[in-house]
1. May I ask for the net charge around F10, where only other residues with Cβ less than 15 Å from the Cβ of F10 are counted and Lys, Arg are +1 while Asp, Glu are -1?
2. Percent antiparallel among DSSP beta bridges with both residues in region 3-124, to the nearest 5?
3. What 222 nm value per residue comes from the helices of the chain, counting each DSSP H run with n ≥ 4 as -39,500 (n - 2.57) and dividing by all residues, nearest 500 deg cm²/dmol?
Amino acid sequence: MPIIDSNVVFAGLREKYPGIEVRGYAFRRFYSTEHMVFFDCDAVKEDCLDNVLKRVDHIRFVAYAVVEESSGRRYVMDVSYANIGDETLERFLRRYPGQLRPSSEMALQLSDRRYLEYIGASYED
């Protein structure tokens with residue numbers, strides 16, 4: 001389960017989408033390429049990731065996507081979802097593509113923006 005520094009993800013986005021706006025300070029320090037999850041850790045990264053994925057006490061889950069406005073401006077947008085019912089991040093990751101992402105895409109279309117790419121998820125404590 002490869003875990004990389006979040007800055008590597010941002011560098012890849014800047015290469016793929018020249019001029020993209022990425023607020024790096026808004027993200028957690030590490031990124032799991034397998035789970036597409038941003039997380040923090042001060043110990044063994046794999047153990048931290050496992051804990052983050054299985055915890056039921058996250059206040060919110062956050063999904064990140066590359067968005068493009070009609071002007072051509074591109075940026076990373078975050079959408080927060082309240083954790084109601086003691087859901088784990090692991091379950092949120094399974095639900096997001098089919099149940100939550102379509103409504104985000106539709107809302108963006110209504111505001112003349114396009115959902116280009118999902119880049120990952122995180123959590124708020």
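1. Numbers: positive: R14, K16, R23, R28, R29, R74; negative: D5, E15, E21, D78, E117.
Residues close to F10 contribute a combined charge of +1.
2. Working: 25 of 27 bridges.
Bridges in region 3-124 are about 95 percent antiparallel.
3. Values: 4 runs with 38 residues, N = 125.
One gets -9000 deg cm²/dmol as the mean residue ellipticity at 222 nm.
Read the figures in this text as sums done on the coordinates, not as results from a lab. Model, not experiment: these values are computed from the prediction. Counting neighbours? That spans all protein chains shown, and the Cβs are built from the backbone with ideal geometry, glycine included.
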